[in-house]
Each structure stands twice: as structure tokens, then as C-alpha cells.
1. What are the pairs with Cβ atoms under 9 angstrom where one residue, in the stretch 33-61, is open to solvent by less than 60 Å² (accessible area, probe 1.4 Å) and modelled with pLDDT of 90 or more and the other, located anywhere, is aliphatic (A, V, I, L, M) and assigned to a helix (DSSP H, G or I)? Sequence gap at least six, or different chains.
2. Taking the stretch 101-113, which residues are in contact (Cβ under 8 Å) with a residue 12 or more places away in the chain and either closer than 12 Å to I6 by Cα or open to solvent by 80 Å² or more (accessible area, probe 1.4 Å) (or both)?
3. Kindly establish whether N28 is of a type outside the set (G, A, S) and open to solvent by 50 Å² or more (accessible area, probe 1.4 Å).
4. Are any residues in the stretch 5-21 outside any helix (DSSP H, G or I) and either crowded, with 18+ Cβ neighbours inside 10 Å or in contact with a Ser or Thr (Cβ under 9 Å, 6 or more places away or on another chain) (or both), and if so, which ones?
5. Can you name the residue in the stretch 115-126 that is touching a Leu at 6+ places or on another chain (Cβ under 8 Å) and closer than 16 Å to V25 by Cβ and is also least open to solvent (accessible area, probe 1.4 Å) among such residues?
6. Would you confirm, using the coordinates I've provided, whether R98 is touching a residue at least 40 places away in the same chain (Cβ under 8 Å), open to solvent by 80 Å² or more (accessible area, probe 1.4 Å), of a type outside the set (A, V, I, L, M, F, W, C) and under 19 Å from E13 (Cβ atoms)?
7. Only residues in the stretch 3-15 that are under 11 Å from L106 (Cβ atoms) count as the first member; pair them with residues that are in a strand (DSSP E or B) and open to solvent by less than 40 Å² (accessible area, probe 1.4 Å), Cβ under 8 angstrom, at least 6 apart or cross-chain, and list the lot.
8. For the stretch 84-126, what are the residues that are in a helix (DSSP H, G or I) and more than 13 Å from the chain's Cα centre (by Cα)?
Amino acid sequence: MTLAVISEQTLIEFVEDSNAFDICVKENFKLLDVDGDGVISRDELYNGFYKLMSLETKQEIHNLYDAILERFDEHRNGSIDEEGFRCLMKELMLAMARGIGNFPILMVLDTQSMMMKAVEYELSKN
């Protein structure tokens, strides 16, 4: 974990740089695609995201994954391919950017997180 200042602009610029963002998405996709079959199954999604969520009941967890698969499972086969995962990550990052707004905030970030990658991207430009 590390302490970092992050702003709306930090996340937006990272997402808009398709090369930097795509490299990060590919790395994270590979981490979640445990069996290496090129898609993230419901179980892989559950195992990968479960630790990040603070949901109370199994029903809340299933509702979340149903919503994610409904929105990002383009082939309707119960899994998310790399492009669907990219869209999911882009949507999440931009939602976080809108939530942060124009005022920089101090956050504790996992050193391997997408948000930390955005901070590192911003620092590399200076």
C-alpha cells in the first residue's frame, strides 16, 4: 500500500491514453483469467473481485456479478472477454474520476491497482 494524491484528471488522462491503459488492462485481465482460456468466467470474476467488495450477503454479491455480466458479457456466454473487461475497467475508472471531481484527494492505494498505475502514469509525464 502507498499514499498518493489522485484527481479526476489523473484518471481521465490515464484512460484516454489508450496505449498505457490497454497495457494495464491486459495485465489485470491475465491476473483474473486464472485458467488462461481468454475469458473471465463468473467464478474467476468472483474470486478476483470478492476481496475488493464489502458486500454483506451472498445475494448482494450475486446481484453485482449478474449486473456486470449483463452489461459486459457481449457474447452472452457467462464470461467476459478482454474487450468487455477493458470496457468494464474504463467505465469504473471514469466513474471514480467523476466521484473524485476537481479536487485532488489523498488515498491509500494498492501498489498494483489500476488507480496506482494512473498515478504512476501521471508522474512519468512530469
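The values are calculated or read from the model by the stated rules, or taken from the named source; none is laboratory data. Values in this document were obtained by computation on a predicted structure and should not be read as measured data. Cβ sites come from the backbone with ideal geometry, for glycine too, and all protein chains shown count toward neighbours. Note: areas computed on protein heavy atoms with side chains; ligands, DNA, RNA excluded. Shrake-Rupley method; radii C 1.70, N 1.55, O 1.52, S 1.80 Å.
1. From residues that are open to solvent by less than 60 Å² (accessible area, probe 1.4 Å) and modelled with pLDDT of 90 or more, the pairs are I40/L32.
2. G101, N102, F103, P104, I105, L106, M107, V108, L109
3. Answer is no for this residue.
4. Scanning the stretch 5-21 gives I6, S7.
5. Only one residue fits best here, namely A118.
6. When the stated conditions are applied, R98 passes them.
7. That search, which allows pairs on different chains as well, returns L3/L109; A4/L109; I6/L109.
8. R98, G99, I100, V119, E120, Y121, E122, L123, S124, K125
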